[in-house]
Amino acid sequence: MFLEVNGLWGGAVLLVPVSLALLGLLISRSAARQRRAGKTAMWGVTMFLLIFCGLAAFTIGAFYLPSAIAMLVAAVFSLGRKRDESAPG
């Protein structure tokens, strides 16, 4: 029913937060050896997702707010994560 009312454009807008979260995951995983780049990517994507939720708060933003909060919590916990000294690399 959603696509009948809004068309394919509405479906594309729904993919923005999902693709942002996927982008953050891929960048943070590929930059695992470079801690700073991974954390920067995580914080950047988290901020974009929170901004998206704020801009779309009265429509679909509220539905993406739990995932934005989860990403914010993950970004905060990544600040306290210490690098394992015994790990190679």
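Here are the numbers for the structure shown:
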| read-out | value |
| --- | --- |
| Percent RCO, i.e. relative contact order, over segment 17-80, from Cα pairs under 8 Å lying at least 6 residues apart | 30 percent |
| Semi-axes of the equivalent ellipsoid for segment 17-80, Cα gyration tensor, largest first, Å | 23, 11, 8 |
| Karplus-derived 3J(HN,Hα), 6.51/-1.76/1.60, for each residue of segment 54-65, Hz, glycine and proline x | x, 5, 9, 4, 8, 10, 9, x, 5, 6, 8, 4 |
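No lab work stands behind these numbers, since they all come straight from the coordinates. Just so we're clear, the structure is a prediction, and the values are computed from it rather than from any experiment.
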